[in-house]
Every structure is written in C-alpha cells, then in structure tokens.
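All remarks here apply to the structure that follows.
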Amino acid sequence: MPATTKGIKADSIRQPEESGSVDRFGVHSLTRVEAVPANDFTRLLRALYTVHEEFPAMAVARVQWEKPRQWAGQFYRVTYIYEGFINALPQPTYEFSGALSEEPIETHEDFEEFAGTPAEPVNGAVYLDPETGKVTEDDDTGVFSEFGVSGTKAGVSSYASPGGLWTETRYSINEPNELGDLGEIDTPNGNPPNFSGRNWLLWDISFRRRGFIYEIRISWKLSGRNGWDEDIY
C-alpha cells in the first residue's frame, strides 16, 4: 500500500514485488511495479528506454498502468517491463527451414541423361527450332519443348528442387551493419548445412529494439543446383 503525501509533490513509490525471466534467446526481462501519485503522473511516468538503476544494460521496453480502487484514486499502479541483459549479451541462435520449390525440368542437373539431345532424344523428349517452330535434330538450334505422349516422362514439365532459409537471431547494442549487403551472395554466419554446388543469398534483415538492445534477424536463402548467378548477384 503506498503512503499518502499532502501539500507537496511526492515521488513514485517502488513496490516490493519484482520479478524477472529469460526467454529462449537469452534476453532478460524484469518487471517492476511503482505507485505514482495521480496529481503528478505525467512528470513521474518513466519514458521508454529509461535505463534501470541497478542493471545498466536493461531499459524500459513496455509500460502498463491502472488506478486501483483500493488506492483511493490517489495513485496509479504502474508496471514497467525492462528488457536487455544482466551479465552478457545472449549468444546468437540459428535455425534452418527447408522446403521444395518447383523448377523447370530443363534446369535439372541430370537433364541430358533422361532427355537426351536434339540429335539423340530419349524418353520422348521433343526439341524445336525456335525460328520455325518445327521439330529439329540440330544440337545447335534445338530447344527443349516437352516430353511427348509416347515417352515414360510424358507430361513432365517441372521437378521439385530442395531449398531453404538459414536464419540467425542475435542481439546487439547497435543496429545491424549488413543492410547494404541485402540481395548479394554471402557466406552465412554460424554453421549452416552444406549443400554441394550451392551457395547463399542474403535474403532478409529485420530488427527491433527491445529495451536496451536490438533483436536482429538475418536470413540467407539457399540457391538452386547451379548456385546464385554471380553476374546478377
């Protein structure tokens, strides 16, 4: 129960209850409750990112308040949630999310083995001359069109290619410095899975402030079988 003060401006009264927690990334949260005199509420309300007096690497991230009936309307009950770290910045965490994407069948690395060439097509592969639109056996001009109805691969026009995202979540007292590399071929941090013949593209960067620190998420996208084109990326 907060003490009452008459005739002078009172300071906020820190309440006995205080609690803390650590999330799965290693970020500390601390909850403090204060009784703030109603007649001086706007002056005494702590601003976001106010640093904690005892833990200088933690700052106010969220604020909630109410005016309890049992406090006779003289005080607001204000709950401050501080976020940051007490001893050291959390270690980065990593996760991989794999998925399949649909790619043109002619981009398959073993395409020639199951489709042949214009001069020697297999499995009913059809090659056309782009100028005439007619079937051709000329390896210099022939372009794959489809697998004909007579072959074992009739109707096949695409294949499922494995891909995925490698994501780092880290914390820093500064904003990320990788923004200028977004969309470029890059070597991911951490220890991503190894896929022979493939490389990674810096795909996504997001960050938000959590009290004293910045939560930074960076994702790298796995290339197709031939890697990201260095002339483009």
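The values are calculated or read from the model by the stated rules, or taken from the named source; none is laboratory data. What you see is a predicted model, and the numbers here were worked out from it, not measured in a lab. Cβ atoms come from the backbone with ideal geometry, glycine included; neighbour counts cover every protein chain shown. Side chains are part of the model used for accessible areas, which takes the heavy atoms of the whole protein and leaves out ligands, DNA and RNA. Shrake-Rupley method; radii C 1.70, N 1.55, O 1.52, S 1.80 Å.
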Inset, instruction - Give me a count of the residues in the range 64-94 that are in contact with a Ser or Thr (Cβ under 7 Å, 6 or more places away or on another chain) and of a type in the set (Val, Ile, Thr). - result: 3
Inset, instruction - Considering only residues that are assigned to a loop (DSSP other than H, G, I, E, B) and among the basic types (Lys, Arg), look in the range 46-71 and name the one that is surrounded by the most Cβ atoms within 10 Å (Cβ to Cβ). - result: 46
Legend entry - Test set (1) open to solvent by 60 Å² or more (accessible area, probe 1.4 Å); (2) assigned to a strand (DSSP E or B); (3) closer than 30 Å to residue 223 by Cα; (4) out of contact with any Phe, Trp or Tyr (no Cβ under 7 Å at 6 or more places or on another chain) - residue 101 fails condition number: (1)
Inset, instruction - Could you please let me know if residue 48 is closer than 11 Å to residue 212 by Cα and not hydroxyl-bearing (Ser, Thr, Tyr)? - result: yes
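Table: residues versus (1) outside any strand (DSSP E or B); (2) open to solvent by 60 Å² or more (accessible area, probe 1.4 Å); (3) small (Gly, Ala, Ser).
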residue	(1), (2), (3)
32	no, no, no
40	yes, no, no
77	no, yes, no
90	yes, no, no
Inset, instruction - Inspect all residues belonging to the range 160-174 and state whether any of them is in contact with a Phe, Trp or Tyr (Cβ under 6 Å, 6 or more places away or on another chain), surrounded by fewer than 17 Cβ atoms within 10 Å (Cβ to Cβ), modelled with pLDDT under 95 and within 26 Å of residue 225 (Cα to Cα). - result: no
Inset, instruction - Filter the range 187-222 down to the residues that are out of contact with any Gly (no Cβ under 6 Å at 6 or more places or on another chain) and at positive phi, then identify the one that is surrounded by the fewest Cβ atoms within 10 Å (Cβ to Cβ). - result: 197
Inset, instruction - Only residues that are without any contact (Cβ under 8 Å) to a residue 60 or more places away in the chain, of a type in the set (Gly, Ala, Ser) and out of contact with any helix residue (DSSP H, G or I) (no Cβ under 7 Å at 6 or more places or on another chain): list them for the range 73-126, please. - result: 88, 115, 116, 119, 124
